[in-house]
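Chemist: I have a structure here, written as structure tokens, and I will follow up with some questions on it.
Readers should treat all values here as calculations from the given coordinates under stated rules, not as data from a laboratory. Everything numeric in this text was worked out from a predicted model, so none of it was measured. For neighbour counting, all protein chains shown are included, and Cβ atoms are generated from backbone atoms with ideal geometry for every residue, glycine included.
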Amino acid sequence: MNARREVFISVDVETAGPVPSDYALLTIGACAVDDPTQTFACALKPTTRRADPAALKVSGLSLDELEAHGLPPHEGMRAFGEWIARVSGGGGDPVFVGLNAAFDWSFINYYFHHYLGENPFGFAALDIKSLYMGAMKTDWRETRSSRMAEALHPALKGDHDALHDALYQAELFRAIRERMN
């Protein structure tokens, strides 16, 4: 049996709202969990002007600014897919890692399928919150990133910049794995 190497990739997104069918994916940030010097970030042109004001307030993003300076979504997703292939190398399987992975993965999956026809991560994602809950034997309410930070003492902090948050998530993920060994 020839086992392929798993390449864990921390991904974070900022969006204009809660669901990919109605709201735009605005920014993507990613890093290789085990080599956080390998990063990807891009801003996308909005696919719709529909936005939840609270989502834009949290991220500090402007639809007008993204319309003027963001990449067309098909170009951004192609660039992200190429980066994933490079980071994964010839013998690696990319594994999507996220903090509340269900949310971030839903946008990435939708955009990959809509613009490129396939998602290099496949149909699953590894959720840091769930991993933490199991590893630390804690309740779900204890899986907020602020609670994880209290227990794991990461050097980085989340700030709703997609790349910064991907790097922060990767640090949390590595700290959880260390505790599990």
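Chemist: Report the Stokes-Einstein translational diffusion coefficient (µm² s⁻¹, integer) for the stretch 87-181, Rh taken as the Kirkwood radius over Cα pairs, at 20 °C with viscosity 1.002 mPa s.
Modeler: Rounded, D is 150 µm²/s.
Chemist: Please label the shape of the chain as rounded, prolate or oblate, based on the square roots a ≥ b ≥ c of the eigenvalues of the alpha-carbon gyration tensor (a/c under 1.5 means rounded; beyond that, a/b larger than b/c means prolate, else oblate).
Modeler: Taking the square roots of the gyration eigenvalues as a ≥ b ≥ c, the chain is oblate.
Chemist: Could I ask something else about it? Using Cα centres only, tell me the gap between the stretch 144-162 and the stretch 37-64 in whole Å.
Modeler: So the two Cα centres are separated by 21 Å.
Chemist: Can you tell which of 141, 50, 78 shows the greatest fluctuation in a Gaussian network model of the chain with Cα springs below 10 Å?
Modeler: Evaluated over the chain, the most mobile residue of the options is 141.
Chemist: Determine, from the Cβ-Cβ distance of residue 62 and residue 93 and an R0 of 35 Å, the FRET efficiency 1/(1 + (r/R0)^6), rounded to the nearest 0.05.
Modeler: My answer for the efficiency is 0.45.
Chemist: Same structure again: If you take every residue apart from residue 51 with its C-beta less than 13 Å away from the C-beta of residue 51, what net charge results, scoring Lys and Arg +1 and Asp and Glu -1? Show your work: numbers first, answer last.
Modeler: Values: positive: 49, 50, 57; negative: 14, 22, 52, 64, 65, 67.
Charge balance near residue 51 sits at -3.
Chemist: Of the options 138, 69, 158, report the single residue whose Cα projects farthest towards the positive end of the charge dipole of the stretch 5-180 (beta-carbon charges: Lys, Arg +1; Asp, Glu -1).
Modeler: Of the options given, the answer is 138.
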